[in-house]
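Enquirer: Would you mind keeping the following structure in view while I ask a few things?
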2 protein chains.
Amino acid sequence: MDGIDDNNPVAGIGEFALIDRITAGLAGPGFVEVGLGDDAAVVGLTGPRVVVTTDMLVEGRHFRRSWSGPEDIGHRAAAANLADVVAMGADPRALVVAVALPSQIEISWAQHLLVGIADECRTVGAAVVGGDTTETDGGIVISITALGDLAGRKPVLRSGARVGDVVALAGRQGWASAGLTVLSRGFRSPRVLVDALRRPDPPYTSGPEAASVGATSMIDVSDGLVADVRHVAAASGVTVALASSLLPVDAPLKDTATAFSTNPLVWVLTGGDDHSLVATFPPDVEPPVGFRRIGEVVAGDGQVTVDGEPFTELGGWQHFGSSG
Amino acid sequence: MDGIDDNNPVAGIGEFALIDRITAGLAGPGFVEVGLGDDAAVVGLTGPRVVVTTDMLVEGRHFRRSWSGPEDIGHRAAAANLADVVAMGADPRALVVAVALPSQIEISWAQHLLVGIADECRTVGAAVVGGDTTETDGGIVISITALGDLAGRKPVLRSGARVGDVVALAGRQGWASAGLTVLSRGFRSPRVLVDALRRPDPPYTSGPEAASVGATSMIDVSDGLVADVRHVAAASGVTVALASSLLPVDAPLKDTATAFSTNPLVWVLTGGDDHSLVATFPPDVEPPVGFRRIGEVVAGDGQVTVDGEPFTELGGWQHFGSSG
């Protein structure tokens, strides 16, 4: 129509044309009252409260083009934001996406990035409602902001865990970290672990479900299970006591750890990027299906223990290496 | 407290510590139900609709550190987003800010950037409610997303202008462009124009006021008066007929144009970055105080005319140069 070949570099096309091009066909669901193309978008919610979170990914630091294709990078970038929304107990509704692109990058790369972002949104019923693109002399920068709808639920904070609560985990944990180990040792399989690194599979519905039954605190695991649970412990002024016997060591982790002669618990305890959810529940509450108990909340001052011992990421290696 | 000297580079401080540091003291107003420090923020609105817009600024393209200080850059970055919110007829409520910073930049630079952003927010009763910081090997990238509250008003789109409507302008127009001319010719005054380039002064309250009285379309001028009005004309399927005799040529523009022997209308017609607002009103509606009539909507197909002639940015120079 406009004679632009999608293998052409971004440099040849104006900002407005590029946004139109990469968002063509991204028609939104009904709650998007005003979508792309105006000064701002308008998103309908079920109530007068909006959840908002933002996350920025920088090429070479958070992703590599030689490592992941643009659709995978889009899925990961969107998942990181959507997981933060569900970790508040909200339903993700809308994403806005700003991207800085080197001028020599192909238009099709940006299109596929947006396709990955939009596809990840669709899995949770959310939509891309706005965006901005700009050129850069540096590497690619992707900045996403996600909006969520609490649908009448109370937001679940990091600070609400109470002594006696059950600590429970939903979603895959340690898979992405194991995938990174696999790749960094030069292997390309098990494919399921490598794929877990490229495209996380957060337990999106578990967040709002946890909020509905009365979770007292919740967080999504992006930096590491213990590292992120420590934020809950610190914000709540408690200690979280994890039990290694309760932690899920899924079959692909077990098999790969055996082949590598390592302890798979290290991936489970220190791995990030799976965007699993950890929530605390009062002892009389049954956690929703998908959650499994991994420990309990005890009196303390912001620590995380594993089998009763304070866990530090460095010491953890030795401790669990020797006991595994 | 943590022994970090603010003249130290960003590289020495972790992501969480940096966010805490640069947002210290940014306590939000009451509608911020959950602010910084959780997986996401929660913002209270007056109704179940949220306005959202995003804008990304790249060093060397949208700003230069040698040209503007970090507080000015913060004011400009925030103003660009806040103006998009008011151009929908909404009240700005919350900003989230993601920043990629070179590792050698001082912590105090980032702090002052955030101070500028937060101060600009305060002028409209909005607050910074979330953020993300990351390091980059490239230049600084600032990505801001703004949320607004329609407070029961209908969003004012670009597509609603109708034949017979009055076209009106609120806010300074051409000042930033004149400031750029001043600086690029090696002058540092008139200070008021140079300052207009560094810190825009958008007519924030005029947007919601225009929506309240029934504006049929609205846009904020970021790329140029004619260029942005053309978006309204195209989206509405009309022609916007501007009259040069109605355009405001404020005293600093007049004086500087005389000194430079140029026509100040060129700044008014082609200048961006002031974030003035252009709205259309039905002929029986009195535009709010602060708006002045600059033209009318006539039948047509997406054109902008000035004094009856189609205006192109290039041709415009000659046309108004000769008639000025």
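The values are calculated or read from the model by the stated rules, or taken from the named source; none is laboratory data. These numbers come from a predicted model, not from an experiment. So basically every Cβ, Gly included, is an ideal-geometry build from the backbone, and we count neighbours across all protein chains shown.
Enquirer: Has segment A:52-61 got at least one residue that is more than 14 Å from every other protein chain (Cβ to nearest Cβ), of a type outside the set (Lys, Arg) and in contact (Cβ under 8 Å) with a residue 60 or more places away in the chain?
Expert: No: segment A:52-61 contains no residue that is more than 14 Å from every other protein chain (Cβ to nearest Cβ), of a type outside the set (Lys, Arg) and in contact (Cβ under 8 Å) with a residue 60 or more places away in the chain.
Enquirer: Can you pull out every residue in segment B:30-51 that is more than 7 Å from chain A (Cβ to nearest Cβ) and within 25 Å of the chain's Cα centre (by Cα)?
Expert: The answer is B:Phe31, B:Val32, B:Gly35, B:Leu36.
Enquirer: Can we say A:Asp84 is among the acidic types (Asp, Glu), buried (at least 22 other Cβ atoms within 10 Å of the Cβ) and in the same structural domain as A:Val124 (by TED's automatic domain parsing)?
Expert: Yes: the conditions hold for A:Asp84.
Enquirer: Just checking, how many residues over segment B:257-286 are more than 30 Å from B:Arg162 (Cβ to Cβ) and not β-branched (Val, Ile, Thr)?
Expert: Here the count works out to 6.
Enquirer: Which condition does B:Ala110 not pass, out of (1) surrounded by fewer than 24 Cβ atoms within 10 Å (Cβ to Cβ); (2) more than 28 Å from B:Ala211 (Cα to Cα); (3) under 15 Å from the mean Cα position of the chain (by Cα), if it passes all the others?
Expert: If we test B:Ala110 against (1) surrounded by fewer than 24 Cβ atoms within 10 Å (Cβ to Cβ); (2) more than 28 Å from B:Ala211 (Cα to Cα); (3) under 15 Å from the mean Cα position of the chain (by Cα), just (3) comes out false.
Enquirer: Within segment A:157-170, can one find any residue that is over 24 Å from A:Thr305 (Cβ atoms) and either in contact (Cβ under 8 Å) with a residue 60 or more places away in the chain or not acidic (Asp, Glu) (or both)?
Expert: So far as segment A:157-170 goes, no, none of its residues is over 24 Å from A:Thr305 (Cβ atoms) and either in contact (Cβ under 8 Å) with a residue 60 or more places away in the chain or not acidic (Asp, Glu) (or both).
Enquirer: Same structure, new question: Within segment A:87-104, count every residue that is crowded, with 24+ Cβ neighbours inside 10 Å, out of contact with any helix residue (DSSP H, G or I) (no Cβ under 6 Å at 6 or more places or on another chain) and either of a type in the set (Gly, Ala, Ser) or more than 10 Å from every other protein chain (Cβ to nearest Cβ) (or both).
Expert: So the answer is 4.
Enquirer: If you don't mind, there's one more thing I want to ask. Identify, by number, the condition in (1) surrounded by fewer than 22 Cβ atoms within 10 Å (Cβ to Cβ); (2) in contact (Cβ under 8 Å) with a residue 60 or more places away in the chain; (3) away from every other protein chain (no Cβ under 13 Å) that A:Arg76 doesn't meet.
Expert: It fails just one condition, (1).
Enquirer: Tally up the residues in segment B:136-161 that are surrounded by fewer than 24 Cβ atoms within 10 Å (Cβ to Cβ) and of a type in the set (Asp, Glu), please.
Expert: 1
Enquirer: Is it the case that A:Asp228 is within 20 Å of the chain's Cα centre (by Cα), modelled with pLDDT under 95 and either outside any strand (DSSP E or B) or closer than 21 Å to A:Leu197 by Cα (or both)?
Expert: No; evaluated as a whole, the condition is false for this residue.
Enquirer: Give the residue that is surrounded by the fewest Cβ atoms within 10 Å (Cβ to Cβ), with candidates limited to residues of segment A:231-259 that are β-branched (Val, Ile, Thr) and assigned to a strand (DSSP E or B).
Expert: Restricting to residues being β-branched (Val, Ile, Thr) and assigned to a strand (DSSP E or B), the top hit is A:Thr239.
Enquirer: Take the residues of segment B:162-188 that are closer than 21 Å to B:Ala210 by Cα and surrounded by fewer than 16 Cβ atoms within 10 Å (Cβ to Cβ): which is nearest to the chain's Cα centre (by Cα)?
Expert: B:Arg162
Enquirer: Is it true that B:Thr46 is surrounded by fewer than 16 Cβ atoms within 10 Å (Cβ to Cβ), hydroxyl-bearing (Ser, Thr, Tyr) and modelled with pLDDT of 90 or more?
Expert: For B:Thr46, the condition - surrounded by fewer than 16 Cβ atoms within 10 Å (Cβ to Cβ), hydroxyl-bearing (Ser, Thr, Tyr) and modelled with pLDDT of 90 or more - is met.
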